[in-house]
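The values are calculated or read from the model by the stated rules, or taken from the named source; none is laboratory data. A quick note: this is a predicted structure, and the numbers were derived from the prediction, not measured. For neighbour counting, all protein chains shown are included, and Cβ atoms are generated from backbone atoms with ideal geometry for every residue, glycine included.
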């Protein structure tokens with residue numbers, strides 16, 4: 001059942017030669033490719049030509065398609081090239097073997113946060129994970145699954161709604177200290193403070209941390225590392241107004257907030273933007289304690 | 001199934017459909033529309049529909065919400081993932097943090113000089129005057145701008161600007177600003193709907209009533225009813241084969257939708273070729289070709305060398321060097337390559353390895369990391385670059401005091417519009433435009449109309465929407481032999497060759513002939529039956545792109561001079577008589593090209609223009 005290729009339409013039309021200059025070589029290659037139009041054949045040739053090939057085993061599930069309601073794994077053979085990422089391998093499989101293979105991706109440079117996956121048992125971004133960095137990539141199969149602890153919509157696509165809800169729960173927006181009426185005044189922020197929050201602003205909402213967290217897996221209401229990091233980003237910013245900061249600390253201090261964290265560091269390990277999440281959670285715990293003492 | 005690209009046909013579709021389908025989209029001639037069951041689409045009513053969820057759309061919705069007006073923002077992609085996140089280097093505002101003599105009027109003068117006096121002076125003055133407040137506002141909403149030692153917002157040099165005026169967050173300024181705007185929008189509880197693609201505005205040519213769209217996740221159709229529609233759907237630089245956008249963004253949705261709805265387009269011949277696009281190494285994925293290396297690399301001291309190791313900008317622009325205007329630097333690179341002094345891959349070298357590693361990590365973190373992941377160490381070696389299509393100055397003609405297009409209740413904002421940048425754009429002005437004008441459009445709709453409800457939909461407009469849904473269903477079932485993606489690639493090569501950095505009359509004419517051929521082939525497109533797949537999305541994009549490509553080739557042929565980003569080898573000089581904008585108007589089922597002279601700047605800006613401020617590169621050394 002794996003690597004099965006549907007018959008492709010082979011009707012073709014004569015392509016008028018478009019006058020071209022410097023890119024004619026590339027165009028010619030493209031035309032040749034278009035005239036073959038047999039992608040499976042193309043894949044077979046590329047695999048023959050490739051010095052190395054890899055095998056990826058991909059989770060498949062589609063509740064709406066007969067024969068796919070039962071979760072299963074499909075295996076695809078993909079020619080390996082230097083610099084190939086997990087996302088590149090998935091795209092190759094989709095474009096050459098099965099156009100119904102579904103996964104989110106967009107910017108391909110670790111900014112959009114849409115392709116967090118579970119690869120060989122670890123959360124990571126598909127576009128940022130080099131195949132060459134996976135242990136034994138040439139000899140064993142690379143296993144690609146959707147993020148655990150989230151509901152699967154289709155194949156590798158999970159429902160992010162709960163994650164977004166938790167992010168919003170910390171009210172991730174800013175009230176600067178009281179502004180003069182109707183006046184906009186530039187807020188000062190010293191470099192040291194900006195440095196302090198810098199890493200926390202790098203979050204791209206990919207959800208890898210939440211998926212890796214044992215606590216979040218057992219407590220659906222736990223805010224989770226990303227949301228707490230978001231709270232940190234504002235609470236630690238010296239431009240934040242006193243009232244808002246107080247409010248924010250109340251939110252993260254509640255039953256399913258910072259105190260749930262058992263400092264296992266799994267979120268920090270998987271964060272593709274290298275945000276020291278666990279540290280930030282710990283610091284907010286300290287902040288919460290300090291904050292409570294203040295009312296004595 | 002055979003498809004007809006209803007291009008300039010005399011078919012009076014308007015009579016039955018409300019819309020005059022003049023040219024956009026690939027329309028089936030054989031459809032089983034009559035058999036389609038009516039009413040099986042989702043209907044959404046909202047006072048204001050904002051199409052596009054980047055900075056321009058978000059800022060518009062924020063202004064509306066601050067006035068208590070409900071809107072719905074829709075985007076083609078996931079939450080927070082608009083093309084704004086790719087804007088790297090910065091956002092201009094005459095704050096004068098480091099150069100106190102800077103002033104909004106000088107910012108305006110720099111913008112008009114760079115736009116070769118084709119800008120709409122009202123647009124320029126509106127943006128430059130508002131920017132210091134917009135930055136303070138972003139600051140108050142939490143944007144983590146880089147700071148000077150005394151805690152004020154740091155500013156850096158950008159090409160062709162007289163002072164340090166560009167505020168920045170490392171080289172991820174757009175991402176940081178969008179993050180801030182999304183946070184603000186969440187605070188105001190502005191609804192956002194992701195993965196929705198608009199395929200047609202519901203308009204009778206006089207007034208807009210909403211939009212026809214489909215859900216990209218499950219494919220179902222959606223009819224949006226709205227009293228007001230704001231188009232904030234980006235530009236069309238992805239039409240060129242080497243471009244700095246994602247493959248599926250900046251595909252011309254905004255201008256094409258507006259043109260079809262009855263609005264005018266302006267300045268479409270002006271596309272900015274950014275001097276420094278990546279040149280993919282053989283071993284990298286082809287997608288890296290054309291991706292942007294931010295101007296900030298040059299702003300922070302990066303130098304350009306040809307293959308002979310010569311710092312060639314000394315010959316082209318001894319005073320401003322690498323930081324001359326983007327069109328000047330892009331043409332200089334192209335000239336070096338054409339003269340045989342380029343690299344094997346047709347580029348030149350950009351080198352910033354004289355800076356410390358720690359400096360690069362702090363000031364250009366994203367560039368540093370990206371090249372590192374590709375095995376290139378910016379701190380130790382140069383990178384290969386070549387020009388890439390980056391930004392389209394042209395777009396929808398609007399009134400910049402309100403954002404109104406010529407179609408009642410239809411507004412446009414951001415890269416979708418034309419007017420702020422004229423014949424070329426200053427780096428750092430595109431982000432500025434989004435937040436400055438987004439607020440103005442939102443404020444205007446809220447104060448002039450205060451829409452609370454949606455008007456009922458006239459029957460003929462509903463019929464037009466249903467007709468559009470039939471077309472989409474038929475398109476999804478198209479089974480011809482032409483791949484939409486390949487047609488888009490060929491269109492990109494066509495524009496690169498015929499309407500690229502250097503243009504001439506005969507080549508533009510050949511380009512139109514080749515385009516007609518592509519259109520013919522688009523009749524035989526094959527989509528393979530799925531509304532949620534990429535081929536279907538590309539087929540929808542292809543319609544928008546074919547429309548814009550034709551307008552580009554026609555307006556570029558019309559402008560028989562060289563000015564700003566538009567360079568004609570057969571008319572290499574700037575012609576004072578051509579200080580006019582080319583306006584594209586729908587005329588029945590055809591298009592009419594006419595020209596219009598831009599207004600004159602205010603006295604204060606004129607004075608700044610007369611003073612002749614400019615960047616002195618040697619300040620940096």
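Check every one of the helices (runs of 4 or more DSSP H) wholly within the range B:439-538 and list those with 3 or more residues that are within 14 Å of chain A (Cβ to nearest Cβ) and more than 24 Å from residue B:290 (Cβ to Cβ).
B:505-522
Can residue B:361 be described as surrounded by fewer than 18 Cβ atoms within 10 Å (Cβ to Cβ) and closer than 23 Å to residue B:169 by Cα?
For residue B:361, the condition - surrounded by fewer than 18 Cβ atoms within 10 Å (Cβ to Cβ) and closer than 23 Å to residue B:169 by Cα - is met.
Which of the residues that make up the range B:329-343 are farther than 20 Å from residue B:497 by Cβ and more than 28 Å from the chain's Cα centre (by Cα)?
B:341, B:343
If I go through the range B:558-612 residue by residue, how many of them are touching a helix residue (DSSP H, G or I) at 6+ places or on another chain (Cβ under 8 Å), part of a helix (DSSP H, G or I) and within 19 Å of residue B:327 (Cα to Cα)?
Total meeting the criteria: 0.
Checking residue A:106 against (1) at pLDDT below 90; (2) more than 10 Å from every other protein chain (Cβ to nearest Cβ), only one condition comes out false. Which one?
(2)
Residues of the range A:109-126 being within 10 Å of another protein chain (Cβ to nearest Cβ), under 16 Å from residue A:84 (Cα atoms) and touching a helix residue (DSSP H, G or I) at 6+ places or on another chain (Cβ under 7 Å), which ones?
Result: A:109, single match.
So, in the range B:99-123, how many residues would count as being more than 15 Å from residue B:607 (Cα to Cα) and either touching a helix residue (DSSP H, G or I) at 6+ places or on another chain (Cβ under 7 Å) or more than 14 Å from chain A (Cβ to nearest Cβ) (or both)?
9
Mind checking which residues of the range B:284-298 are within 11 Å of chain A (Cβ to nearest Cβ) and either buried (at least 24 other Cβ atoms within 10 Å of the Cβ) or within 18 Å of residue B:369 (Cα to Cα) (or both)?
Answer for the range B:284-298, where residues must be within 11 Å of chain A (Cβ to nearest Cβ) and either buried (at least 24 other Cβ atoms within 10 Å of the Cβ) or within 18 Å of residue B:369 (Cα to Cα) (or both): B:284, B:285, B:287, B:288, B:289, B:291, B:292.
If you go through the range B:369-392 one residue at a time, how many are more than 29 Å from residue B:565 (Cβ to Cβ) and part of a helix (DSSP H, G or I)?
3
Out of all the residues in the range B:202-215, is one or more at positive phi and at pLDDT 95 or above?
Yes, the range B:202-215 has at least one match.
Can we say residue B:488 is in contact with a strand residue (DSSP E or B) (Cβ under 6 Å, 6 or more places away or on another chain) and not assigned by the TED database to the domain that holds residue B:207?
On the way: in contact with a strand residue (DSSP E or B) (Cβ under 6 Å, 6 or more places away or on another chain): no; not assigned by the TED database to the domain that holds residue B:207: yes.
So residue B:488 does not fit the description; no.
Among the residues that make up the range B:364-374, is at least one of them within 17 Å of residue B:312 (Cβ to Cβ), more than 11 Å from every other protein chain (Cβ to nearest Cβ), in contact with a strand residue (DSSP E or B) (Cβ under 8 Å, 6 or more places away or on another chain) and buried (at least 17 other Cβ atoms within 10 Å of the Cβ)?
No, every residue in the range B:364-374 fails to be within 17 Å of residue B:312 (Cβ to Cβ), more than 11 Å from every other protein chain (Cβ to nearest Cβ), in contact with a strand residue (DSSP E or B) (Cβ under 8 Å, 6 or more places away or on another chain) and buried (at least 17 other Cβ atoms within 10 Å of the Cβ).
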